[in-house]
1. Which of the residues spanning the stretch A:14-70 are in contact (Cβ under 8 Å) with a residue 40 or more places away in the chain, within 14 Å of another protein chain (Cβ to nearest Cβ) and not in a strand (DSSP E or B)?
2. Just one of the numbered conditions (1) of a type in the set (A, V, I, L, M, F, W, C); (2) part of a helix (DSSP H, G or I); (3) more than 29 Å from A:A422 (Cα to Cα) is not true of A:A313; which one?
3. I'd like to know if the stretch B:241-262 contains one or more residues that are in contact (Cβ under 8 Å) with a residue 40 or more places away in the chain, assigned to a strand (DSSP E or B) and surrounded by fewer than 20 Cβ atoms within 10 Å (Cβ to Cβ).
4. Considering each of A:A522, A:A529 in turn, give the residue that is among the aliphatic types (A, V, I, L, M) and within 33 Å of the chain's Cα centre (by Cα).
5. If you go through the stretch B:26-58 one residue at a time, how many are buried (at least 18 other Cβ atoms within 10 Å of the Cβ) and either more than 29 Å from B:V137 (Cβ to Cβ) or over 42 Å from the mean Cα position of the chain (by Cα) (or both)?
6. Is there a residue in the stretch B:129-152 that is among the aromatic types (F, W, Y), more than 8 Å from chain A (Cβ to nearest Cβ), in contact (Cβ under 8 Å) with a residue 24 or more places away in the chain and under 30 Å from A:M209 (Cα atoms)?
7. Considering each residue of the stretch B:523-544, count those that are at pLDDT 95 or above and not in a strand (DSSP E or B), and give that number.
8. Going through B:L415, B:L500, B:L458 one at a time, which residue ends up being aliphatic (A, V, I, L, M) and touching a Lys or Arg at 6+ places or on another chain (Cβ under 8 Å)?
Protein chains: 2
Amino acid sequence: MYRSHSCGELRASHINTKVTLAGWVQKSRDKGFMVWVDLRDRYGITQLIFDEERTPKDIIDKAKSLGREFVVQVKGTVIERESKNDKMATGAVEVLVSDLQILNESKLPPFTIEDKTDGGEDIRMKYRYLDIRRNPVKDSLIFRHKVTMEVRKYLSEQEFIEVETPYLIKSTPEGARDFVVPSRMNEGQFYALPQSPQTFKQLLMVGGMDKYFQIVKCFRDEDLRADRQPEFTQIDCEMAFVTQEDILNIFEGLTRHLLKEIDGVEVDKFPRMLFDDAMRLYGNDKPDIRFGMEFGELNAVTQHKDFKVFNDAELVIGIAVPGGNAYTRKEIDNIITWVKRPQVGALGMIYCRVNEDGSFKSSVDKFYDQEDLAKWVEVTGAKPGDLVCVLSGETSKVRAQMSALRMELAERLGLRDPKVFAPLWVIDFPLLELDEETGHYQAMHHPFTSPKPGQLELLDSKPGEVKANAYDLVLNGNEIGGGSIRIHDKETQATMLKHLGFSEEEAKAQFGFLMDAFEYGAPPHGGLAFGLDRLVAILGGQETIRDFIAFPKNNSGRDVMIDAPAFIDDEQLQELSLKLDIQE
Amino acid sequence: MYRSHSCGELRASHINTKVTLAGWVQKSRDKGFMVWVDLRDRYGITQLIFDEERTPKDIIDKAKSLGREFVVQVKGTVIERESKNDKMATGAVEVLVSDLQILNESKLPPFTIEDKTDGGEDIRMKYRYLDIRRNPVKDSLIFRHKVTMEVRKYLSEQEFIEVETPYLIKSTPEGARDFVVPSRMNEGQFYALPQSPQTFKQLLMVGGMDKYFQIVKCFRDEDLRADRQPEFTQIDCEMAFVTQEDILNIFEGLTRHLLKEIDGVEVDKFPRMLFDDAMRLYGNDKPDIRFGMEFGELNAVTQHKDFKVFNDAELVIGIAVPGGNAYTRKEIDNIITWVKRPQVGALGMIYCRVNEDGSFKSSVDKFYDQEDLAKWVEVTGAKPGDLVCVLSGETSKVRAQMSALRMELAERLGLRDPKVFAPLWVIDFPLLELDEETGHYQAMHHPFTSPKPGQLELLDSKPGEVKANAYDLVLNGNEIGGGSIRIHDKETQATMLKHLGFSEEEAKAQFGFLMDAFEYGAPPHGGLAFGLDRLVAILGGQETIRDFIAFPKNNSGRDVMIDAPAFIDDEQLQELSLKLDIQE
């Protein structure tokens, strides 16, 4: 061992102990006759002291030559610090150095290794190994480890078995493109990397494995948006002989366990909300319920006057912004500008101030009198001092716009406190959703999700109305998990695939093995998968996932540190029976 | 929940309890007025009883219709069993059934779901989901889960952090071909799947992460041999500020912990053997030391007579086979035939019987007298009643042949008891090995392994003699882990890559990021990786790894259950800017 103690370990009780430490030079101060060095490792920082009277001359000279991020080993004695530092765990002591070895030198790092660094995102990603030395990243990775250990401990105690499923599999269409892997030994053929272990976990249920989980990498070749990674990690779970109720209870238990063990927060039984209600009250399927501002539908109380905008609208929605009457005209204009941004896309916003004296002042006073506005206020639940914001238009669009506005205003009002945790089950998702581009219905969750009992017949007549045994777990406005009760008989699965546009041959080629398996005693089963990257970030009180991933890729799917992907040799292509086919 | 208890849970203490069970029909016996069904789930088997006097007629009729592997749910009462079965955990009771639901039917499975099945390897792989229902496979997967939980627990308690490294990386030449993944967003470029997370774990050390581990899938596109999988799992570990001694101690601790917790076996401090000694005494670098039969080198005591075969040989080796003098002439001929098989490749075998009376009888008595043979016996340590077997030839070949013979004879003698565990560190591996095909030296472990201190200078003059800080952990004749102390400075790494035949440009293109990282304060570091599949198999007392992998691939790298790899659409190829280039 290069050290007897870590740099985070020494306390007053260690005074007079001889120690050996190793680590990185965080900073040094040279007063001529005395040199202080802050020595850092994963566990903390310890102050080293070298002085003319007590340290050999060659050692003090060497100490003066140290640059930031040099790697050193020191031997010395723990002594009491003259000016104690209460903010450091080791602040009561320092180490009087008797020997110093430089284990490795360091060039000046391209950004400071501090909690608040001067390095931008790009440079930090290129030198990720230096970025990881910073507490915010290092602590996030350690935090992630703690979360996964707790997940495994909890599930294992519940008799779940972690089973590794293969990475080199066959294409399973789940809404995104597969990454593929050419097979050298099977000429012209390709493996696919899993978008999820979905079919394998179902086969494990057919195999009697009964309670399965796996913390597993999954892959999607999608055009990347901010905070999306081509490879991501799931806590993938499946159970046999269970109903939806059982699954919600088990994974509510897991989530509650994590909130308690990781965040020290005790949470009541998670509320449940129908998908339809979530859309009606919050305009999306993952409502942030840390705060109110529920939608009030105002059609009935707005469409009886001459205001054409509302009269022509499919849906008119209002929300009550707490204390919003305090906004100046300029602030309200700013909000209106915000909803008209292309990313939100509203054409405008109507508002109504709710004065403290109980009177109202709206931007459409010439159409609506005090009695009308009183109804808006009633429907939205606004209180004196609030502001009612109203948007209108086509149902799906206006809901999305109002949802975005609600989140933005909550952010501005400080209502999205990362230390508050508001979990929520959203249940009874539709089985299918209309693909706007193709005009066809596609599986909302995936093709293996079972419709609610008795609703299979509606598939032909009213496909959009069929509800599924599908559910999402939402935490603070983020979907952290989702799942469903699966189809477990061949006939229903075949019907489902037919409705999703698979020919019989395609269905057999892609899912024949699963449908065959259903003929050999498949038990009823269902499951859920958590998105680990996001779950960890939210438990850690963060919005972005990058600090919780050791080596993330950028928005072009590149690892800028190792410079991947890269071109490969012609020889390697030849072995794989491939040619590049690049359009000039 | 479809059940109140599992099928492995009911005991005499449950008598008179009303229960609901669900599971698979293992078998049924129909005596007309009475039907017994063995109901199976992951946890065990419970006997169900239906009888004319106590069970409703429609239920008993339904019971008579059950086929093997039907999935059923039953309600009933636990009663005392008339003829108890001591061999079953639930053998004291049975369940008198009052209600029966068929949850799913089953076609007749293509092989019996029994510990000893009638199904061959191929059919079991095609229907792996049925194979997993069998105890040997199911129990192996559960056993694997237990091992990985213990590994994580132990390492986590030692302050190791599990960090996920990326799967979509860049080619890292480690002796095998990479699987590659075409990137759609970066035209003409490819990711590679990791053969190991080697460079990333080293970057984590540079990043100060200090104690890292990961249970992680790795990928090698090799021509498969029996028991080799294109994707396999490693327990990958790395530490900073450590010497070889520290690493051996930590991972010896882990292995001892596993042997104790998993197998209930306490093992002494692991012996250590130099690579050179392993080759000299056992003819290979992973000796099985559960038994003796060490090699005796006989050149000095055989090359002074007229026996040309020995006189021409670079090396003459003998081993003493315990009790081997009891072999008949026919048995010895059988051994000689065995060593002449092309897989072993010896040209013949000389032997010497050691009679109980102290006299010797060899197959070359016309060249060697009793005094000569006494020396053979002395060198090989043979005792009265033993047989000395002697092979000769070129050093590397004869060692490999004798090693094979030693293992074969130990197998025949029952000396390879899977319940006995004999771990061993083999240390001081050579840094380089000669590639017979190319005539060039290549890295024996990988290009990041550091030479022993002071030996770097030998690289030019005597490359084959340079020893590395590299070590393997051997268990019962299998390499279960291996690792090294790494190079952590740019200059040494550059020198090493130059000697391995990388031009400066190639070195920079492939490992520039790592060598750059070494310039920013890289600490001394090293590590080790266990092959999890094999480790689990050996801890489980098995020779083959397939039962410990849920969905293994066959020797052509195919998953015969899902039928992967497979051809993909032209459209998909086009998106990836690829064309097939198949030679007619």
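The values are calculated or read from the model by the stated rules, or taken from the named source; none is laboratory data. Not measured: the values here are computed from a predicted model. Glycine also receives a Cβ, built like all others from the backbone with ideal geometry; neighbour counts cover every protein chain displayed.
1. Hits for the stretch A:14-70 are A:R42, A:L66, A:G67, A:R68, A:E69, A:F70.
2. With respect to (1) of a type in the set (A, V, I, L, M, F, W, C); (2) part of a helix (DSSP H, G or I); (3) more than 29 Å from A:A422 (Cα to Cα), A:A313 is out only on (2).
3. no
4. Just one listed residue meets the conditions, A:A529.
5. Counting residues in the stretch B:26-58 that are buried (at least 18 other Cβ atoms within 10 Å of the Cβ) and either more than 29 Å from B:V137 (Cβ to Cβ) or over 42 Å from the mean Cα position of the chain (by Cα) (or both) gives 4.
6. yes
7. 11
8. B:L415
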